[in-house]
Amino acid sequence: MTTRQTSIDEDEFQAFVDGQLPPERCRAVMAYLAAHPDESSRMGDYRTLSEELHSLYDEVLYEPLPARLRVDHYRGRTSWRDRLQRWFGFSVFSLTPRLVGLAALLSASATGGWLLHSNQIVLPEAETPAMSFARQATSAHLVYAPDVRHPVEFGADQEENMLLWLSERLGATVHVPRLQDINFTLVGGRLLPAEGEPAAQLMYEDPQAQRITLYIRSRWKTSNAGQPERSVSYAAEGKVGLVYWIEGPFAYALIGAMDREQLFATAETVQQQLTMPVIPPAPEQTATTEKDAT
Amino acid sequence: MTKSGGNGVSETERKIAEQIPRLRRYARALLGDPVRSDDLVQEALLRGLSRSHLWQPGTDIRAWMFTILHNIHVNNQRQRYARAEYQELVDDQPEMASPATQEQSLAIRDLARALQLLPEPQRQVVLLVGLEGMNYKSVAAVLEIPVGTVMSRLHRGRESLRRLMAYGPPATASGQDNRRQMSP
């Protein structure tokens, strides 16, 4: 049946699904799949499987750790802030290779990627869900970040209420990353519509009143086959840059007038705190429990 | 400018702590039971801490911790079952694990149940790759098996799950696909 195409072995199919296939072979696999719809849908099923594993188990990452699973339970205590700073999500997901891949993916579309102008966003014809997400996040930023009088629905002083509200509407626990260490304080947040789904926008500003926003959507489903799960992408036009990434059932975007490196550093700080459960300050320990320490 | 967090927690210990949520997610998916899986993670944490001096900086601490967890799990299993039974449990089964009666469609939320129907070696690989996003080499290192074995378990595991979950195109009217027929 296949005359010109080189044969694809099963290992290569698996590697293709997992994004572990060298780019030169990807092309061959894609050509093969284009001609074999059955195999193509099998690959789609495998991908769905991984996505569903994430929607099923990623919440474990957010569960507060019981004392017996915490290092400080065995070894003295560290401040929660200090620990949060040190979670290192990005290195695990190896940011750089994906970044290159997706930047290429974005710019490979017909119109040469999408452009952001101060108030207008030009998009290529076929918009992927991730791109549409990026666009919504950017629009929300452009609309609310410059707003002097009503930038947010809930101010930082009502943080707790805001979290309850946003968590309820998004159907998932929303955490507010702490960005004081990089000089950004929380302004507040708001709920926004995004294609019939609720989205949350959190806003921060630095002492120069420069604002950045974090845009969050839950129940994120990546259905398009070409997009790897948990991807990280970057886009910019003029001064405004955007980093967006997908992690399990969540899609996040961080938008601000920063250079790429700064934006990534900030996104990393944000991502680390979002991926890992927020650990509340440990209550004063009166005595260490001996039971668990065995 | 805090160089170390102080309070007696070393840099390595901190790195170990960072792995806990992921170890926990994996253990939960592997064992299905929250208490047993936290027990396993706790054992891995304690062993990791007690051997933290053996970890070589610059190497992948996640793979190191997952290896520890896996070894503890294997030992626990050995204690639970007689050795012969254990081998039977762990050895790859040549055919699909799923009997025909289980091939009826399960709801999506039953993926957890479907996972538990997989032979454990396949489940481990499917989870380390599909959930933990590990590369095949690391998976081979963690489970101490050749990469080729990782690949075949991955394929078989995924294929079983796909059938259990009844993904894929619905059965054709031609009757070619009788996998889906209920057994009489």
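The values are calculated or read from the model by the stated rules, or taken from the named source; none is laboratory data. Being a predicted model, the structure only gives us computed values, none of them experimental. Counting neighbours? That spans all protein chains shown, and the Cβs are built from the backbone with ideal geometry, glycine included.
Looking at A:Ser139, is it surrounded by 13 or more Cβ atoms within 10 Å (Cβ to Cβ), at pLDDT below 85 and either over 29 Å from A:Glu59 (Cα atoms) or not aliphatic (A, V, I, L, M) (or both)?
Yes.
Could you run through the range B:71-119 and say how many residues are in a loop (DSSP other than H, G, I, E, B) and at pLDDT 85 or above?
Here the count works out to 2.
List every residue pair whose Cβ atoms sit under 6 Å apart, with the two residues 6 or more apart in sequence or on different chains, where the first one lies in the range A:58-74 and is without any contact (Cβ under 8 Å) to a residue 60 or more places away in the chain and the second, anywhere, is among the small types (Gly, Ala, Ser).
A:Val71/B:Ala17
Taking the range A:125-134 as the search range and keeping residues that are surrounded by fewer than 19 Cβ atoms within 10 Å (Cβ to Cβ) and of a type outside the set (Ser, Thr, Tyr), which one is modelled with the highest pLDDT?
Out of the qualifying residues, it is A:Pro129.
Just give me the residues in the range B:23-41 being within 16 Å of A:Leu56 (Cα to Cα) and more than 7 Å from every other protein chain (Cβ to nearest Cβ), in sequence order.
Correct list: B:Leu23, B:Tyr26, B:Ala27, B:Leu30, B:Leu31, B:Gly32, B:Asp33, B:Pro34, B:Ser37.
Could you say which residue among A:Ala103, A:Ala34 is at pLDDT 85 or above, assigned to a helix (DSSP H, G or I) and more than 11 Å from every other protein chain (Cβ to nearest Cβ)?
Sole residue among the options that is at pLDDT 85 or above, assigned to a helix (DSSP H, G or I) and more than 11 Å from every other protein chain (Cβ to nearest Cβ): A:Ala34.
Restricting the search to the range B:127-138, which residues are at the interface with another protein chain (Cβ under 10 Å from one of its Cβ atoms), surrounded by 19 or more Cβ atoms within 10 Å (Cβ to Cβ) and in a helix (DSSP H, G or I)?
Once the filter is applied, which keeps residues that are at the interface with another protein chain (Cβ under 10 Å from one of its Cβ atoms), surrounded by 19 or more Cβ atoms within 10 Å (Cβ to Cβ) and in a helix (DSSP H, G or I), the range B:127-138 yields B:Leu127, B:Val129, B:Gly130, B:Tyr136.
Quick check on the range A:17-31: of everything there that is under 24 Å from B:Leu131 (Cα atoms) and assigned to a helix (DSSP H, G or I), which residue is nearest to the other protein chains (Cβ to nearest Cβ)? Please lay out each step first, then the result.
Taking the range A:17-31 as the starting set, the residues that turn out to be under 24 Å from B:Leu131 (Cα atoms) are A:17-23, A:25-26, A:29-30.
Within this subset, residues satisfying the condition of being assigned to a helix (DSSP H, G or I) are A:17, A:23, A:25-26, A:29-30.
Working: A:Val17: 8, A:Pro23: 15, A:Arg25: 14, A:Cys26: 16, A:Val29: 15, A:Met30: 19 Å.
Filtering first and then ranking leaves A:Val17.
I need the full set of residues from the range A:150-209 which are hydroxyl-bearing (Ser, Thr, Tyr) and touching a residue at least 24 places away in the same chain (Cβ under 8 Å), in order please.
A:Thr173, A:Thr185, A:Tyr204
If I ask for residues that are hydrophobic (A, V, I, L, M, F, W, C) and over 19 Å from A:Ala67 (Cβ atoms), which ones from the range B:11-32 would you list?
B:Ala29, B:Leu30, B:Leu31
If you scan the range A:47-66, which residues turn out to be of a type outside the set (Val, Ile, Thr), at pLDDT 85 or above and part of a helix (DSSP H, G or I)?
Those that are of a type outside the set (Val, Ile, Thr), at pLDDT 85 or above and part of a helix (DSSP H, G or I): A:Arg47, A:Leu49, A:Ser50, A:Glu51, A:Glu52, A:Leu53, A:His54, A:Ser55, A:Leu56, A:Tyr57, A:Glu59, A:Leu61.
Only residues that are of a type in the set (D, E, K, R) and in a helix (DSSP H, G or I): list them for the range B:51-70, please.
Selection gives B:Arg62 alone.
Exactly one of these conditions fails for B:Asp33: (1) surrounded by 14 or more Cβ atoms within 10 Å (Cβ to Cβ); (2) of a type in the set (Asp, Glu); (3) modelled with pLDDT of 55 or more. Give me its number.
(1)
Give the number of residues within the range A:192-209 that are surrounded by 14 or more Cβ atoms within 10 Å (Cβ to Cβ) and either at pLDDT below 90 or touching a Leu at 6+ places or on another chain (Cβ under 6 Å) (or both).
9
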